[in-house]
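To keep things clear, I will list the structure first and then write my remarks on it.
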Amino acid sequence: FNVTEEKFVLDTLAGCIEYKSLLDVVVDAFFVRDGRYCLISERNLYIVICYLATFQLEELGLQHFSRIVKSLDTAKMQKFLRFFFNALYLNTWIKDEWSQFYDSLYVKENWIDPLLRWQPKVQQLIEQLTDILSNRTTTVKSSTVTQPKEFNLTVPKPRAIPIPLPIPLLEKRPPVPPSTYKPPKEKKQLEEIKTKNRRKAEVSQQLFLIAVTKYLFIPFTGRMRQYKCIITLSQSASCSYQALLFTYLLVLVSYLCTDNIPIKLNAAAILREGALYQRKMEQELKRIENLLRGAGDPSEFLEWQKQMRGKDLEEQLAEIECRRLQGKLSHEEAVLAHQNVIQENKKKADLMREEKAELMHRYAEKRLQEQKEMRDLVEQVVEGHKNAKQAKIKLQKYKQRIVQEVCEENRELLRQALEEEEEKLRKRYELIQQIRAIESLPSIRHKFVDLTETGGHGLICEMSIVELRERLALLREAQKAAEEEKRDQIIHEKQAKEQLLLDKVDQISLFRAQLGRAAALQQEEKKRKSQSGERPMKDERILNLQKKIVEKTMERKKQAGLL
């Protein structure tokens, strides 16, 4: 689909789901009345057509709607549209059913009236579909009737009754040993060894960090001799080459971080932060190797880039301030315009009051004239009352005759209702008698079941209930053994993962300690730069906008005082 078609399909699907209750009323009634021989699998087709006709006909137009209808089965669409666009159905039960879900006035104005307005044009489309159906020629294919033949089956021999085998009893399982719920001794020994190794490593790392710090704060020309001393010290402190590079990078990466906030980490956060520090360490290693090979230092470019970004940020802040001041200026102008409108409305109100006073004066004169005419009419009516007795007697006789006719019709309707009720009671009584006769028949309720016999259906995989129970017991034992094996595997994997996380946490804590020191140094350097720097001047556009806002505010206050 392209973008338009995809949007149309998604909107149609969302509408069918949103108005499902309304569409189900029409489609269910169609299957009960005119669509008794239609397939249930075509229900969604009728739901979509009903939704397009009810909610999207104004947007699609009759041309696109007829194109969609003609692309489908002609007979089904002709039958459904004739049912749905029936004016009697729309005004009676469809309107009543939809009013149970939504307000009746809303249903009539937004759904029923548009459907009735489109009904003549849709009727022309129904007539076109009817003409297409009448001109269609149907060809009936002659098919040969299949003659059934009997199967040549061998008669099975009667089976001998098998002797039931004794049901084996399961052995009593030994209780769970108490050592299962106690931590193993090996874990405690490993933790003691780990603490001893950590203490040794801390002593060696402290000596090594002192040498590295001296190495960082000496000139570049004298660093090669100090570098050889660091290598010798690391070898004497039982440090490997990787530990040497790792500790050196800890000190260097500390200059790149800005804060050291203690955070409680979960497993995913520990692995993610460990990967981050590993990536930074690799980048710093690569940079050091490039420097040792003679590459240039990108610090000047980074400083220039930082200055340019600072300038861009100042320009963006100035632009934001200009927009804010422009919005404030437009607000002041809108207030002034509103005050002008209030003054114009006051003038119009004064004119309307004058016109109203003139109209009231004319109305009073008109009322006086009407009262005079009413007095004349009352005098004429008083004269006419003298001749009204005969007309009153005739009217009373006419009303009595109407009452007698209505009473006779009510008696006839009551008699017909009584006869129909008696007929219903008689049929109900006959039905109850038939049900009681059926219930009084005897029925066999008990049946003997042998658990060692098969069903006798002639299948290869047949088995008795006893054999089925034995096989289920074997399957349960195999399942329990697999669960035990899986549980052991999970425990081993969990222990390995915990060890990995502990190592990562130690590495992260080491990094954070060094990053905190670098952050403090960087913060002091920022304070020195901020104290030595000058405050930037404001933009001319901002100053001009502020002056305009002050002028508009003064004008608005003056206008408000006049009001």
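The values are calculated or read from the model by the stated rules, or taken from the named source; none is laboratory data. Worth saying up front: this structure is predicted, and the values here are computed from it rather than measured. In this analysis, Cβ positions are derived from the backbone assuming ideal geometry, glycine residues included, and neighbour counts consider all displayed protein chains. These accessible areas exclude ligands, DNA and RNA; they are computed on the full protein's heavy atoms, side chains included. Shrake-Rupley method; radii C 1.70, N 1.55, O 1.52, S 1.80 Å.
Results, tabulated for the structure shown:
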quantity	calculated
First in the range 460-477 and surrounded by 11 or more Cβ atoms within 10 Å (Cβ to Cβ), second anywhere and part of a helix (DSSP H, G or I), Cβ under 8 Å, 6 or more apart	M463/R471
From I68, I17, I47, residue being over 18 Å from W111 (Cα atoms) and of a type in the set (A, V, I, L, M)	I68
Identity of the residue in the range 366-401, among the acidic types (D, E) and open to solvent by 100 Å² or more (accessible area, probe 1.4 Å), that ends up farthest from the chain's Cα centre (by Cα)	E383
Checking V466 against (1) part of a helix (DSSP H, G or I); (2) at pLDDT below 85, the condition it does not meet	(2)
Among (1) touching a helix residue (DSSP H, G or I) at 6+ places or on another chain (Cβ under 9 Å); (2) more than 23 Å from D11 (Cα to Cα); (3) without any contact (Cβ under 8 Å) to a residue 12 or more places away in the chain - the single one K121 does not satisfy	(3)
Selected residue (only one of A364, A334, A437 is without any contact (Cβ under 8 Å) to a residue 40 or more places away in the chain and within 30 Å of K548 (Cα to Cα))	A334
Members of the range 70-99 that are over 24 Å from S21 (Cβ atoms) and either open to solvent by less than 50 Å² (accessible area, probe 1.4 Å) or among the hydroxyl-bearing types (S, T, Y) (or both)	S71, T74, A75, Q78
Breaking point among (1) more than 17 Å from K529 (Cβ to Cβ); (2) aliphatic (A, V, I, L, M); (3) open to solvent by 60 Å² or more (accessible area, probe 1.4 Å), for L302	(1)
Counted residues, the range 310-325 - those being over 39 Å from the mean Cα position of the chain (by Cα) and in contact (Cβ under 8 Å) with a residue 12 or more places away in the chain	4
